[in-house]
Structures are given as C-alpha cells and as structure tokens.
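A short write-up of the structure that comes next.
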Ligand code: ADP
Ligand code: ADP
C-alpha cells in the first residue's frame with residue numbers, strides 16, 4: 001500500500017501542492033486528473049523520488065520513503081515522450097535496463113512480456129520505424145522487465161489516437177491486473193481517467209478535490 005500524508009510542495013514561494021493525503025491499495029489503477037499546471041507531474045515526481053517534498057510523508061509497504069533515493073524505491077515511470085533509444089532496436093531497448101542486472105527478469109519473463117504486448121514482429125526494428133502505439137508498447141515492456149513495485153505513466157495515451165488509444169488502454173489494464181501492479185496514471189483527459197482506472201483523483205489548485213470510483217466522480221460541465 002502507498003500512503004501520502006500531508007505532502008506539500010513549494011516552488012519559488014508558490015505552494016504547488018498543499019496537504020495531499022491519500023491511500024492507494026496494491027494492484028489499483030489510479031488516475032490523477034486535472035488541468036495543465038495543477039501539479040500532476042509534481043505529484044508523480046514526488047512519489048517517484050525525482051523531486052523532494054517540502055513536508056509530509058510518503059510511505060510504501062509500511063516504510064517511510066523520505067530518505068530513500070529514487071533508484072532504491074523500485075518505482076518506474078513511462079515518460080510521455082517514451083524516452084526510447086533511437087539507435088537501438090526494439091529488443092535492445094526492452095532489455096536495456098537488464099544489462100547490468102540480468103537477475104531481475106529471466107529471458108522467459110522477457111519473452112512473456114513481448115508476447116503480451118505483441119512485439120515479436122518488431123524486435124529487430126529501429127525505434128523510428130515504429131508507430132506511436134508500437135513505441136508506447138516498447139516503453140511499457142522496457143519498464144515492466146524491471147519489475148517495478150509501482151508503475152507510473154505520464155500521459156500514456158496523449159500521443160495516440162482512436163483505435164490505437166483503445167488498444168493501449170486495454171494493454172495497460174491487462175498488465176496492471178495480470179501483474180497485480182499498482183499503477184498511477186497522469187492525464188488531463190477526463191474520458192481517459194474514467195475508463196482506465198479503478199479510482200480517479202481530481203487535482204485542483206494544489207489539493208485533491210475528489211477521489212473515488214469513476215461512477216462517483218462528478219465532472220464539471
Ligand atoms: P501539471 O503536470 O499538472 O501540468 P506541474 O506539476 O508540471 O503541473 O506543475 C505545477 C506547477 O508547478 C506549475 O505552476 C509549474 O510551473 C510549477 N513547477 C513545476 N515544476 C517546477 C520547477 N521545477 N520549478 C519551478 N516551478 C515548477
Ligand atoms: P505537463 O503539463 O505535461 O506535466 P509541463 O510542461 O507542465 O508538462 O512540465 C514538464 C516538466 O517541466 C515537468 O517535469 C515540470 O516539473 C517541469 N516544469 C514545469 N514548469 C516549470 C517551471 N516553471 N520551472 C521549471 N521546471 C518546470
């Protein structure tokens with residue numbers, strides 16, 4: 001379980017996040033929804049450990065993460081622009097993180113992910129030969145081989161359209177359920193948040209204005 005207690009973040013004398021309190025159960029898919037500039041990325045970065053908070057506590061499985069550096073937290077993020085290596089082929093991109101840590105995922109487990117994300121036909125291709133949806137699947141595979149304890153996704157569907165969007169949405173749900181993986185998704189798209197997640201958090205002016213199941217969320221007109 002992930003718990004945030006009274007988490008606060010200040011940038012340049014401006015309070016960006018104020019008194020954030022929440023509990024996320026293992027295996028839940030959570031969307032963080034809100035307009036541009038409301039602090040979504042900041043909240044993600046605080047959980048990930050990229051950014052230091054200015055107060056409060058982040059607790060994971062009973063352990064206070066305040067002094068635990070990012071690489072020891074065991075959380076992993078898929079960035080909005082995927083951040084793949086253009087000069088490496090798909091297989092090398094997927095297994096890149098394992099090069100010094102071959103004990104994390106076995107070859108068989110890597111194979112399972114490649115099959116789940118239907119990437120077998122593309123393994124020898126370079127990144128710039130792929131479509132947006134294929135890139136997103138490579139980015140998901142590359143992150144999943146590291147066996148994250150929490151999966152963070154920053155606007156995972158924003159570069160995709162139509163059918164591809166739906167298919168990536170299904171893949172994210174399948175992965176979260178199959179691996180019983182806590183998944184936190186940042187988005188500015190209400191439709192995406194409501195259809196993708198078990199619970200939706202709405203951030204507004206630095207605080208959580210709603211946090212509940214999609215059917216209980218009231219959307220502003
Ligand atoms: P969102 O992801 O919801 O668009 P952000 O978390 O990126 O919002 O930003 C929230 C606010 O914090 C914005 O006003 C932004 O300008 C400010 N901010 C974010 N990161 C920094 C930073 N590193 N330094 C100063 N201000 C920042
Ligand atoms: P998004 O809306 O997709 O979250 P942003 O453009 O708000 O993207 O932010 C992109 C990155 O730039 C974030 O990591 C954020 O922390 C950083 N950032 C945002 N605003 C500022 C700022 N005023 N000064 C420094 N860094 C910022």
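Please determine whether any residue of the stretch 88-111 is closer than 27 Å to residue 213 by Cα, loosely packed, with under 12 Cβ neighbours inside 10 Å and away from ligand 2 (no atom under 16 Å from the Cβ). Scanning the stretch 88-111, I find no residue that is closer than 27 Å to residue 213 by Cα, loosely packed, with under 12 Cβ neighbours inside 10 Å and away from ligand 2 (no atom under 16 Å from the Cβ), so the answer is no. Report yes if residue 65 is surrounded by 15 or more Cβ atoms within 10 Å (Cβ to Cβ), within 13 Å of ligand 2 (Cβ to nearest atom) and in contact (Cβ under 8 Å) with a residue 12 or more places away in the chain, otherwise no. No: the conditions fail for residue 65. I want to confirm something. Restricting to the stretch 18-28 and keeping residues that are closer than 29 Å to residue 180 by Cα and part of a strand (DSSP E or B), which single residue is farthest from ligand 2 (Cβ to nearest atom)? Here the residue is 23. Of the residues that sit in the stretch 1-15 and are more than 16 Å from ligand 1 (Cβ to nearest atom) and surrounded by fewer than 18 Cβ atoms within 10 Å (Cβ to Cβ), which one is modelled with the lowest pLDDT? The extreme case among them is 1.
Scanning the stretch 182-193 for residues that are modelled with pLDDT of 95 or more and more than 16 Å from ligand 2 (Cβ to nearest atom) gives 182, 183.
Here's the yes/no breakdown for (1) part of a strand (DSSP E or B); (2) crowded, with 16+ Cβ neighbours inside 10 Å; (3) touching a helix residue (DSSP H, G or I) at 6+ places or on another chain (Cβ under 6 Å):
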{"residue": "153", "(1), (2), (3)": "yes, yes, no"}
{"residue": "166", "(1), (2), (3)": "no, no, no"}
{"residue": "175", "(1), (2), (3)": "no, yes, no"}
{"residue": "200", "(1), (2), (3)": "yes, yes, yes"}
{"residue": "211", "(1), (2), (3)": "yes, yes, no"}
{"residue": "218", "(1), (2), (3)": "no, no, no"}
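Residues in the stretch 141-151 that are over 21 Å from residue 46 (Cα atoms) and assigned to a loop (DSSP other than H, G, I, E, B): 145 alone.
Collect the residues in the stretch 16-51 that are more than 24 Å from residue 214 (Cβ to Cβ), crowded, with 16+ Cβ neighbours inside 10 Å and touching a residue at least 60 places away in the same chain (Cβ under 8 Å), keeping them in residue-number order. Within the stretch 16-51, 16, 18, 48 qualify. Just one of the numbered conditions (1) in contact (Cβ under 8 Å) with a residue 12 or more places away in the chain; (2) within 11 Å of ligand 2 (Cβ to nearest atom); (3) more than 30 Å from residue 106 (Cβ to Cβ) is not true of residue 59: (2). Considering only residues that are touching a strand residue (DSSP E or B) at 6+ places or on another chain (Cβ under 8 Å) and touching a residue at least 40 places away in the same chain (Cβ under 8 Å), which ones fall in the stretch 103-126? Across the stretch 103-126, the qualifying residue is only 126.
The values are calculated or read from the model by the stated rules, or taken from the named source; none is laboratory data. These numbers were taken from a predicted model, which means no experiment stands behind them. Cβ sites come from the backbone with ideal geometry, for glycine too, and all protein chains shown count toward neighbours.
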